[in-house]
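Okay, so here's the structure we're looking at.
No lab work stands behind these numbers, since they all come straight from the coordinates. Everything numeric in this text was worked out from a predicted model, so none of it was measured. Heads up, the Cβs are rebuilt from the backbone with ideal geometry, glycines too, and the neighbour counts pull from every protein chain shown.
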Amino acid sequence: MIAALLPTGTTPLLVAAIAAGTASLWLLLPQASGAGGRTGSLGGFFGGRTGLVGIVLGLAALAGLALAGRRLGGLGEEAAFQLVALVAIVGGAATVVTRSPVYSAIWFALALAGVAGVLLVLGAQFLGVATIVVYAGAILVMFLFVLMLAQPTGMAPYDRVSNEPLLAAIAGGVLLALLTTSIGRLSADPPACCTIPSRADAMNAAPSAPRADNTVPGVAAAPVAAAVVGAADPDALSADPVARLGRELFGRHLLAVEAAGLLLLVALIGAIAVVSRGEEAGTAERGTR
Amino acid sequence: MMFPSLVHDALVVGAVLFVLGLVGILTRRNLIVMFLSAELMLQGISVSLVAWSRYHGDFGGQALVVFVLTVAACEAAVALVFVLQAFSRTGRLDAAAWQELRDAEIPRRIDRELPASDAVSPVWPQLAPAGILPARDETAEPEREHV
Amino acid sequence: MPPTLPATLLVLVPLLPLLAGLATVVFGRRLGPRAHLPAVIGIGAAAGAALLLLLAARGSGDGNHEAPRPVEFTVDLWQWATIDRALEPAAGSTAAIPGTPVGRGASNARPLSLAVTLRLDPLTATMLLVITSIGLLVAIYSIGYMHDDPDQPRFFALVSMFVFSMAMLVSSSSFLLVYVFWEAVGACSYLLIGFWFRRPEAARAAKKAFLVNRVGDFGLAIAVFLIWLTYGTLDFHDVQAADGTILRGVLGQDRLADAAGFVGGTVGTLICLCLLLAACGKSAQVPLHVWLPDAMEGPTPASALIHAATMVTAGVYLVARCAPLFLVSPGALAVVSLVGAITALVAALIGTVQTDLKRVLAYSTISQLGYMFASLGTGTLAGFTAAIFHLVTHACFKALLFLGAGSVMHAMGGVIDMRRFGGLRKVMPITAATFMVGSLALAGVPPFAGFFSKDEILAALHARGWPEHHGGDHHDHEPAASAPPAVRTASLRAARAVTAAPVARRIASPAASPTAPGPLDWLAVAGLYRGLFWMSLITAGLTAFYTFRAVFMTFTGPTRLPPEAAHAHGGGGDHGGGAAHDGGVHSAHHDHGSHGAHGGGHGGAKAGGSHESPPVMTRPLVILAAASLVIGWLLFATHGLGGFLAATPSLTAPSVVATRVPPAFHFDLAIQGTLAAAIGIALAAIGHLGRRSDAPSLERFLGPLQTLFARRFFFDEIEYAAVVRPVEWLAWFAALFDRVVIDGLVDAVARLPVALGDLVRRGQAGVLQRYSLAGVAGVLAVLLALAWQLWQ
């Protein structure tokens, strides 16, 4: 069945890379220090042999992923993408496997930087910057703040064990294999629904173009609108993308933006309400102990 | 028509991030790390959305990412409040602490012996002595040996 | 249209006791010792209204000599329910019963319209007067009898509600309403029998009465269903529709005028037998009579009102009301007569050996009701009116006897066993005298009331047994035996018309030959009625015997008082305890739980503290005694009641009118009846007069029969073995089935989810990430399935 699913070309390499990555994750995830003394983690750099093996396997997986990747356009773009993707993936993996939550958070910041880079390479400048600002600047700091508040004594025992690492790693591996395979197959043979109409088709469909305003959002409207602005060409996005994203947001998605703002407000009020009431309960409970 | 190579690779990167976050959620017991993993999953989604946006040549996917950011911020705020509440009840950030909510006759699932504190003693940076040693408040929180 | 005076009165008769009952319920506790006021006032006013109604119901002309015009008068109160197209002729509901002659097709299509309608006719007026006047006297008597009972308000509320229900029963003009109030009086009876429900005997007796009555009520329900299916209506009266057409009632004048208006045959007989079953239940006829003797556990006034004078006559009323229905089924009529005569004889035989005063009276009641049924079963106008006549007189003297027994009991501190007291004549003279009057009336000694009514019943039976003796000679009041031959032939012809009932059979099955004998025709021959006549005559003698046996045992001989009487009335204090140590005497020994407190207050404490009852109790006795003395010859001499009742619509049916004979005093029958009574009294005197009441007496000579009578013909045992025991087995089996099979199934159904839940619950260990892992596994499974589907 797996063989049937496998497309031609680079896929065996991809599968091998995923397998290696799965094994690496399993090995790197924090385990209880049993008789084997598996203390290896990124926290205690190469402290044990399993950690070393895991890191080697992870590097191999990264290499496999890189090799399985498509040849990109120019040398600069390819190098830049591979660099930021590497940073993102390594940061993400380290976030997951690092035992100390504080280090985890810091690795997560690195992963965020990688993701921001990927977004920039993909031509989403605003999002790249926003990710850094919002996540690294606000959310992550909040996490760290809570960490410091909750675990002033540092790493707790439960940080040193993980829950069903093998099963979780296998599940992740299978999922990743499924996703990458389907991405590959879609890429090789996009179904009709996702085919970008050619410019000529778009011109033929011009009478329906007025429907593509912000009053009629819909699945069908997006390709048509894209066709009208000639967005089938990736370069079309590069012209003044931030301003056009803003126009998109405050044009077609105005209502949703307002709703999102409301959501933020509600979450703020809710958080304050819960934390103030919980403080009373918590102090009362602690007082009885 | 083939995907552009960049789109393809970006999708793969997004999938990898998503899966990493998923594995983190499934394995880590620290509530904070679990939320970090959730954020990692959201990052994978964001990368995917932007890649599709590039593929379609419009801004729909990017607009969605803006909303993902919004929701992530809300989620972080509310979730951290709940984490704090949970912590104030149990004194731990351990997700497994809540297995005490199970039925009385069901055995503990997570009863593995927790490892003793790591033998690795951290090497703290040594500062050059300058002036007198500040007086320490002995009643304050004990000095952390490890972060 | 403003309501006319009779309409207002007709509504007031049930309404006043109802209001009195509600007032007693609401204010009873506040009224305290005066809780009897609403009941007495309400029932008294109702009695006045009923008296006026009697005048309003008087028909024109003398019903004894020419057929009177029916007197009928209805008051529509409100529409209870209306169902359009309730009975479709096309639905074939009547055809479901094989051989059912479907009535007028058009009339079957009418909607079910249930109106609350009161009616007034001579029969209703008579019943109303009996109910309210006896009710009033009993209520007054109860003022004395119940005045120390802490539950006095409950008693008077129940009595008021009973009078209301009974008045509604006899004045409602629809079978459904009759059914409703049939149940209502049953409920009142149940509550009054079990009035002292803390005593297990009373509770058991109430339950028994209720359950046995259910059997009869079941018959009434079936009869109502059958009547609805057969006649398409439940109203008694005709209804004038909006378009001027007359919708026939079951007993309406329009149908009565139509010779073919009533359905006979199998269905007709079935209806009549179901009605008879209902009447047997309520009127305590064999084999459903077993509840009435036990019903004496209730307060004595309630026994007098409900279980002697009024409620038990509901069956008589029902059969008389439905006379035209019975007349088309001669077989059913014969069964009515047979049941009545057998009941009369059996109950009288049992009564001869009872030692409990109230039980003697209870069996006497059953016996006299049997007389009434035997009379109804003759199916002649004379029979019907004689039954109602006897109903009226019996209500008077039986209420008198019961209230007298209550008075004795009151004085004896709750003891009612005749062997334990005697010679009370000197202790309580008024009670003794009135009781004597009642006994003479019951025994049928001229000129007391019972003599005349019993004579009419015997005459009615005699007329069916020896039709040739009772001619159609309207002018000759001499005994029919001396009539000239020509007259005798004419009377024979008339009698044959009665006995063979060809009219009825022709109506019943028009297709059948008029001469073809029906399945029950052998019952309708004169021989049966001859036998019934002799049975009744023997019963008359027995009645006299047991009545006077009771009188002699109670009131003559050396004065003996039970210790309870002295204890209760001499000390005047702790009466409840006095009755409680009366363990040796069965039944009713604690009839009057706490009336001793007034004992010291009045009476000259003669004969160890016992005394005559207070005036509030003896005055009703005197009134009833006077009524028992005069009512018989008053009504008989004027032939007033017969002529009055003849205007009842049900009794103006041609089939009834055809049996009309002129009123006559049958001298030979009177002599026979009086002789029987005299023999009975003489035997009682031989056995008991002047002796100690616990002395061995005449019935000792009966030998094994004594056991048979004393054990009441083993009716209770037979019915227990035949009905209760199988039901108990069935119930046991059903309980077993329920416990094992049904509960087992239910438990299995319950255990399945529990088992499944146990299985799944193992995974529900509170481990968050285990749940997430399971979720991810599910997602993976779906994705794999999708991938397989898409890429295959």
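In the frame of its principal axes, region A:120-173 has Cα extents of 41, 35, 10 Å, reported largest first. Expressed as a whole percent, the proportion of Cα-Cα pairs in region B:41-81 lying more than 12 Å apart is 57%.
Taking other Cβ atoms within 10 Å as a rough exposure proxy, C:Phe225, C:Phe195 sort from fewest to most as C:Phe225, C:Phe195.
Look at C:Val551, C:Val723, C:Val746 and count the other Cβ atoms within 10 Å of each Cβ; fewest to most, that gives C:Val746, C:Val723, C:Val551.
Between region C:284-335 and region C:198-246, the C-alpha centres lie 14 angstrom from each other.
Normalised by 2.2 N^0.38 Å, where N is the number of residues, the C-alpha radius of gyration of region C:732-792 stands at 2.01. Extension gain, C:Val622 to C:Asp738: 0.36 nm times the residue separation minus the Cα-Cα distance gives 35.8 nm.
With the Kirkwood sum run over all distinct C-alpha pairs, region B:1-65 has a hydrodynamic radius of 12.2 Å.
Quick one, what does Rg over Rh come out to for region C:118-249 if you take C-alpha atoms and the Kirkwood Rh?
Dividing the radius of gyration by the Kirkwood radius yields 1.08.
Both the radius of gyration and Dmax for region C:291-371 are 14.1, 43 Å, in that order, over alpha-carbon atoms. Using a simple spin-label model with pseudo-atoms 7 Å out from Cα toward Cβ, A:Leu268 and C:Phe665 lie 11.6 nm apart. Qualifying trypsin sites (Lys or Arg not before Pro) in region C:129-231, where qualification requires a DSSP coil assignment and no more than 13 other C-beta atoms within 10 Å, comprise C:Arg198. Counting Lys and Arg as +1 and Asp and Glu as -1 over every other residue whose Cβ lies under 15 Å from the Cβ of A:Val96, the net charge comes to +1. Rounded to the nearest whole angstrom, the semi-axes of the ellipsoid equivalent to region C:339-407, taken from the Cα gyration tensor as √(5λ), stand at 23, 15, 5, largest first. Distances between every pair of Cα atoms in region B:23-116, grouped in 10 Å steps from 0 to the bin holding the largest one, split as 14, 32, 27, 16, 9, 2 percent. With θ taken as phi - 60° and the Karplus curve 6.51 cos²θ - 1.76 cosθ + 1.60 applied, the whole-hertz 3J(HN,Hα) list for region C:304-317 is 4, 6, 8, 9, 9, 9, 10, 4, 5, 8, 4, x, 4, 4 Hz, x standing for glycine and proline. Per residue, the convex hull around the alpha carbon atoms of region A:52-150 comes to 83 Å³.
FRET efficiency for the C:Val754 to A:Leu83 pair, using the beta carbon distance and R₀ = 60 Å, is estimated at 0.50. Counted by neighbouring Cβ atoms within 10 Å, the residues C:Trp729, B:Trp98, C:Trp196 run from fewest to most as C:Trp729, B:Trp98, C:Trp196.
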